[in-house]
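First comes the structure, then the notes that go with it.
The values are calculated or read from the model by the stated rules, or taken from the named source; none is laboratory data. What you are looking at is a predicted structure, and each value in this text was computed from that prediction instead of being measured. Glycine also receives a Cβ, built like all others from the backbone with ideal geometry; neighbour counts cover every protein chain displayed.
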Amino acid sequence: MSRFFVVSCFFCLYITMIGCVEKQNKQDVISIDIKSDYTERLLTLQDVADVEYVALETTDEFVTHGAVQAVGKEILLTKNWGNSGDFFLFDRKTGKGIRKINRLGQGAEEYTQLTALLLDERNKEIFVKDNPAKKILVYDYMGNFKRKFGFHDEGYYIEMFDYDKDHLLCYNGYLPDIENDMSAYLLVSKLDGTIARTIKLPYERLETPVIIEGEATVTPGFCLATPFDGDWVLMRASSDTLYNYSTDGSLRPLLIRTPSIHGMDTQVFLFPYLFTSRYYFLQLMEKSMDFKTFKGFPTTDLVYDTQEKAIYAYKMHNQDFTDNRSFSLSLHPNTTLDSGIWAFKVLQSDDLISTLNEGKLQSPLKDIVSTLDEESNSVIMLIKRKSE
């Protein structure tokens, strides 16, 4: 996320560095010195993951900002920015529009704000998070209301994943700092919102990446949890440790950053993003903000290579673009876990058409873009587990 507001900021910049890490085997804890002088490595996206493009159909009914919320095996779910209340179901493979739904309102079966969406393909349900009402409302694929339940307490579900057939995995954070003594991961019943399990991570004292100055609260975009080969990587900003959480309830340290977040004059946080069997994609984020320019939270993208047992800064290139542009894999992981889709990136049609006209696209993306015009909906790049 890279857009910010005065009260709620979702902001990311991308800078690069590199360094070394030690790891003896899978059970040992990786130690990362975040102050190391990192060298840069060039990676090609297609060497790391399989890539697929889906052009969203554009009609009078299906006009969307392309704010993708979740990607399943059959359904691609988007919403619009702002609070129009519209969300859209597209065919995941063809991009054809299936249904536009809007249940915005003040009624018992309606949401007051479409904060976020979660797709549950097992049960063919869509979960709508409504932060102002502190509720989650559940609809079927036709937009019919099924049920609703409230948040656990005074907190907000900062992260929300489709954990299994019966539960959501949520990080319960508290405004404005997100971090407090009660912050924890929760396994939340999809049926009625009851808490099946509380996962508390140890920490020395509370720390937060949120900047509060006067009446302004600036919250940067960051990721606290990511799925990892059937397990999970979980963290909280107040801890120096990233944990491996298994579905049997066991928790073990996976990665420890040094120096400690607690002793830094200008704090630099370490967040997990996409984890594969070979690569762990991470991001450093400095807690700093220039309120005159509204620029801040500089970031550094890192990758840990499990084969080389080393960590690097990186630039990621997509071979379907011939202009050597780079992008970050610090993308929020897909919240629909059984789809085979790790993450996604929205590619704006007007930018793609300009790149095509400059002769800087290759097939298959070139062939897709040649069918678009500047008023077309976005093309969604799907980043998938690489075929063995």
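Residues in the range 29-59 that are in a loop (DSSP other than H, G, I, E, B), under 25 Å from residue 324 (Cβ atoms) and β-branched (Val, Ile, Thr): 39 alone. Scanning the range 31-72 for residues that are of a type in the set (D, E, K, R) and either out of contact with any Pro (no Cβ under 9 Å at 6 or more places or on another chain) or more than 22 Å from residue 283 (Cα to Cα) (or both) yields 37, 40, 41, 47, 50, 52, 57, 60, 61.
Criterion applied to 219, 247 was being touching a residue at least 40 places away in the same chain (Cβ under 8 Å) and out of contact with any Ser or Thr (no Cβ under 9 Å at 6 or more places or on another chain), and the one residue passing it is 247.
Tell me whether the range 274-284 contains one or more residues that are farther than 19 Å from residue 49 by Cβ and either touching a residue at least 12 places away in the same chain (Cβ under 8 Å) or in a strand (DSSP E or B) (or both). Yes. Sort out which residues of the range 250-271 are assigned to a helix (DSSP H, G or I) and touching a Ser or Thr at 6+ places or on another chain (Cβ under 9 Å), and write them in order of number. Listed by number, the residues that qualify are 261, 262.
Among the listed residues 161, 149, identify the single one that is in a strand (DSSP E or B), under 19 Å from the mean Cα position of the chain (by Cα) and modelled with pLDDT of 95 or more.
Numbers: 149 fails: under 19 Å from the mean Cα position of the chain (by Cα).
The unique qualifying residue is 161.
Does the range 76-84 contain any residue that is touching a Gly at 6+ places or on another chain (Cβ under 7 Å), farther than 15 Å from residue 118 by Cβ and assigned to a loop (DSSP other than H, G, I, E, B)? Checked against the condition, which is being touching a Gly at 6+ places or on another chain (Cβ under 7 Å), farther than 15 Å from residue 118 by Cβ and assigned to a loop (DSSP other than H, G, I, E, B), the range 76-84 yields no hits at all. With respect to the stated conditions, residue 100 fails to be of a type in the set (Lys, Arg), in a loop (DSSP other than H, G, I, E, B) and within 24 Å of residue 57 (Cα to Cα).
Just one of (1) outside any strand (DSSP E or B); (2) buried (at least 16 other Cβ atoms within 10 Å of the Cβ) fails for residue 381. It is (1).
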